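The values are calculated or read from the model by the stated rules, or taken from the named source; none is laboratory data. The structure displayed is predicted, hence computed values, not measured ones. Ideal geometry is used to build each Cβ from the backbone, glycine not excepted, and the neighbour counts take in all protein chains shown.
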Amino acid sequence: MDLKEIRKIVELMNEHELSYFHLEEEGVNLKLKKGQDIVQIAQSAMPAAAPAPAAPAAAAPTPAGEAAAPAADGNEITAPMVGTFYSAPSPDSPAFVSVGDTISVGQTLCIIEAMKVMNEIKSETSGTVTAIIAQDGEPVQFGDGLFRVQ
C-alpha cells in the first residue's frame, strides 16, 4: 500500500461521509477513523509500506504516539457494538478493571451505552490488562480497541 492509495481512501471517506474504514490484507492492517482519534495505523511484516504512516498524519492532526499504540504486543479486546464507552458502572464508582489487573473469561470489563441501554461487555479471554485504549465517556465504533490484554 502506498501513499497515493491511502490518500485516495481518505478522499473517498470524505466524499461518502464515512467515519470508519478498516482494510486488512497481506501484512497491512489499516484503520482510518474520523472523530476523537482521527487516524490509526498498524502495520506488520511489510517493509515496502514503511512510508504509509506519514500519509494519514498529513491528512489529520494525530500525535505520533497514538498512531503507534495499536502496534503494541498483546491481544486487543474490541468493541462489539457502537456506543459510548464507560469504564465504571457509575461516575462515582471505581472502574471495572485497571491497567495491571488480571482478568478472566466472563468478567465484566466495561459498559457500552447504545440507545439508552447499558450493555455490559464481558471478557472473552483471560490475562493481564496492559492498556485501556478507549476513553471514558467517549464514543466507540464496532471494532475499535477497548483494552489490550497480555
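For the reader, a short list of remarks on this structure follows.
- Pairs with Cβ under 6 Å, 6+ apart, first in region 89-114 and without any contact (Cβ under 8 Å) to a residue 24 or more places away in the chain and more than 11 Å from Val129 (Cα to Cα), second among the polar types (S, T, N, Q) and part of a strand (DSSP E or B): Phe96/Thr108
- Given (1) in the same structural domain as Gly143 (by TED's automatic domain parsing); (2) modelled with pLDDT under 90, number of the condition Pro53 does not satisfy: (1)
- Residue check, Gly100 at pLDDT 90 or above and surrounded by fewer than 13 Cβ atoms within 10 Å (Cβ to Cβ): yes
- Any chance Val28 is modelled with pLDDT under 80, β-branched (Val, Ile, Thr) and over 14 Å from the mean Cα position of the chain (by Cα): yes
- All positions within region 106-150 that are at pLDDT 90 or above, in a loop (DSSP other than H, G, I, E, B) and among the β-branched types (Val, Ile, Thr): Ile133
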